[in-house]
1. Amide H of K204: which non-local residues (sequence gap of 5 or more, or other chain) have their own amide H closer than 5 Å, using H built in the peptide plane?
2. On the protein heavy atoms, probe 1.4 angstrom, tell me the percent of accessible surface of the chain carried by carbon and sulfur.
3. Would you pull out the residues with amide H under 5 Å of T137's amide H, same chain only if 5 or more places away, H placed 1.01 Å from N?
4. Just check the range 3-64 against the gyration tensor rule for me: Cα atoms, a ≥ b ≥ c as the square roots of the eigenvalues, rounded for a/c under 1.5, and otherwise prolate or oblate depending on whether a/b exceeds b/c.
5. Using Cα springs under 10 Å in a Gaussian network model of the chain, which residue among R24, R241, R87 shows the largest mean-square fluctuation?
6. Using the structure shown, select from K88/K236; K179/K236; K72/K115 the pairs with a Cα to Cα distance greater than 21 angstrom.
7. Residues of the chain: accessible area per residue at 1.4 Å, in Å²?
8. Rounded, prolate or oblate: which fits the chain when a ≥ b ≥ c are the square roots of the eigenvalues of the alpha-carbon gyration tensor, with rounded for a/c under 1.5 and prolate only if a/b beats b/c?
Amino acid sequence: MSDLTTERVLQALTNLRLSTAAARLDSQLRAADERELTPLQFLDHLLADETAARDERSITVRTKLAHFPIIKSIESFDFDAQPTLDRKIIQTLETLAFVGRAENVVMLGPPGVGKTHLSIALGLRALQAGHRVYFVTAQDLLDQIRVAQLDGIPGHKQRHLNNVPLLIIDELGYVEFDKAAATWLFQLLCQRYERHSTIITSNKPFADWGHVLGDTTLAGALLDRLLHHSHVLNLKGESYRMRAKTQGPSHAKRKNGTQVGPS
Ligand code: ADP
Ligand code: MG
């Protein structure tokens, strides 16, 4: 190809915002020459480069928007250390069919048994598969509701919470909701019911949710919707953190995910 043609193609790729294809044009042209590729094969390789770069960029953006406090993976979860969890349930959830079917996941259990770890790991899988995900602690939600008590949660934020395909609410149960906040949470789950998936983790058994939400009738109605299409994981046992501490730092390092912030 003449220099002029190369320049024109480069300019067109840049104008069309195909920046990776523009950057790889030269090396892909040389590879096509060396390997005697057909024009179609050359185009296939160039577009594959562009698509791969785009996928990676969009996973990075979705990961930022998900607001995970830390990155955890299913690979770094030690199933042997958590015998009360049926591996098959996680294998089923990992397929993400539950997101497509707008089913919920509830993880119950005492502190340190891996609820947050698993919810983040599933969230990460979901966003790698192209879903938008948003992670929030119940405490953060409560703070947002309190700040917005007069005007309500801003419209765009409320729409996001209502419509994000996978919402993860972590640590329900550590803080008690007042009437307004509990009603708001109920309405949020009503909005999402049979439309979008929600993962909730809690240190409290369902019987105590009336106390957490300050209203047993409301808690009953909320659980009715939440549990209608749901997977409930009851995790038990000793805190993994404590075990890691007593067994030395190498244990925790070997088994844990990538630390990007305080746990
Ligand atoms: P929970 O949310 O149930 O309180 P976390 O998921 O925050 O517990 O777990 C506490 C710490 O222990 C985290 O660093 C987590 O990665 C780790 N952890 C817990 N269980 C396991 C496990 N079975 N395998 C690997 N790491 C685990
Ligand atoms: Mg937790």
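The values are calculated or read from the model by the stated rules, or taken from the named source; none is laboratory data. All figures in this text were calculated on a predicted structure; none of them were measured in a lab. In this analysis, Cβ positions are derived from the backbone assuming ideal geometry, glycine residues included, and neighbour counts consider all displayed protein chains. Note: areas computed on protein heavy atoms with side chains; ligands, DNA, RNA excluded. Shrake-Rupley method; radii C 1.70, N 1.55, O 1.52, S 1.80 Å.
1. G109
2. Taking all protein chains in place, the chain shows 55 percent carbon and sulfur surface.
3. Correct list: D170.
4. In terms of gyration-tensor shape, oblate.
5. R24
6. Details: K88/K236 17 Å; K179/K236 30 Å; K72/K115 11 Å.
Violating the 21 Å Cα-Cα cut-off are K179/K236.
7. On the way: 14470 Å² over 263 residues.
Value returned for the chain: 55 Å² of accessible area per residue.
8. Judged from the Cα gyration tensor, the chain comes out prolate (a/c at least 1.5, a/b above b/c).
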